[in-house]
1. Using Cα positions and a limit of under 17 Å, work out the aspartates and glutamates in reach of Lys60, with same-chain residues fewer than 8 apart set aside.
2. Starting from the Cα of Asp88, step 7 Å along the direction of its Cβ; do the same at Glu25; then give the gap between the two resulting points in nm.
3. Starting from the Cα of Lys78, draw a straight line to each of the lysines and keep only those under 19 Å, dropping any in the same chain fewer than 8 residues away.
4. Count neighbours as other Cβ atoms within 10 Å of each site's Cβ, and list the trypsin sites (Lys or Arg not before Pro) in the range 44-117 that are DSSP loop with at most 11 such neighbours.
Amino acid sequence: MASLNVCSAVLVLFLTCGAAMASKENDQIIKENNCETKMGLPCVLEAFTCIFETGSISNKCCGELVGLGKVCHSALVKRTLENPLFKDLSPATIIAKSIQTWNNCLALVDSPSPSAEGYMIA
């Protein structure tokens, strides 16, 4: 029975250290890449609402999100999920919405607009 308690304590310690290391890793990525300075507040709020609540993101803010970069985007989403305020959210659902938002914005930014195609043909 004592070995079960020791194993449980070691497991809890391992998981706690892993979470702390993940948090430090995300903070380090965010700091090293100046992630928090690459998007304007209105677009940060749009992206947040789109991923963590229910909403959409404008073309302009999609451009800012893609300009932020995938590394920053992922680190910021993961760090937000670590906040106790969001403990009731499903991490799998948020990560899926985050990836979907990223992919939609990337496709939008990478595809030329119909008016640009018209100029290319002419």
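Taken together, the values in this text are just the output of simple stated rules run on the coordinates, not laboratory data. Everything quoted here is computed from the prediction, not taken from an experiment. Glycine also receives a Cβ, built like all others from the backbone with ideal geometry; neighbour counts cover every protein chain displayed.
1. Result set, ordered by chain and number: Glu46, Asp110.
2. If labels sit at Asp88 and Glu25, their model points lie 2.9 nm apart.
3. Answer for Lys78, where 19 Å is the Cα cut-off: Lys24, Lys31, Lys38, Lys70, Lys87, Lys97, listed by chain and number.
4. Numbers: sites: Lys60, Lys70, Lys78, Arg79, Lys87, Lys97; in loops: Lys87.
Of the trypsin sites (Lys or Arg not before Pro), the ones in loops of the range 44-117 whose Cβ has at most 11 other Cβ atoms within 10 Å are Lys87.
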